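Engineer: Structure provided below as structure tokens; questions to follow.
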Amino acid sequence: MLKGILTFLIILVLLAIAFVIGSQNEAQVTVKYLIAQANLRLSTLIAITLSIGVGIGILVMLMSWLKLRVQLMSAQSKIQSLEQEH
């Protein structure tokens, strides 16, 4: 229960900080892609790049977790087969 409340408060503080930073960055910037370009507010660009970074981080963490999970299941099956032999 306490962990959930603490997590909620941390998320709330981070959102408040993001709102303050976003409200202070109203300048327009030009972003050039390989085949196009777009005019975005700086706060929008920061939010997009942060979201992409968090998404990539979650994917990397998930792949690592799945690899460890497969290794654990393999080790457990080996242990179980060794216990059945004796």
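Engineer: So, Leu12, is that one open to solvent by less than 100 Å² (accessible area, probe 1.4 Å) and assigned to a helix (DSSP H, G or I) or not?
Structural biologist: Yes: the conditions hold for Leu12.
Engineer: Return the only residue of Ser64, Ser74, Ser51 being modelled with pLDDT of 90 or more, closer than 30 Å to Leu15 by Cα and outside any strand (DSSP E or B).
Structural biologist: Only one candidate passes the filter, namely Ser64.
Engineer: In contact with a Lys or Arg (Cβ under 9 Å, 6 or more places away or on another chain), open to solvent by 80 Å² or more (accessible area, probe 1.4 Å) and polar (S, T, N, Q): which single residue out of Gln28, Gln37 fits that description?
Structural biologist: Gln28
The values are calculated or read from the model by the stated rules, or taken from the named source; none is laboratory data. As the structure is a computational prediction, the values presented were derived from the model and not from experiment. Here the Cβ is made from the backbone with ideal geometry for all residues, glycine too, and neighbour counts use every protein chain on show. Heads up: the accessible areas ignore ligands, DNA and RNA and are worked out on the full protein's heavy atoms, side chains in. Shrake-Rupley method; radii C 1.70, N 1.55, O 1.52, S 1.80 Å.
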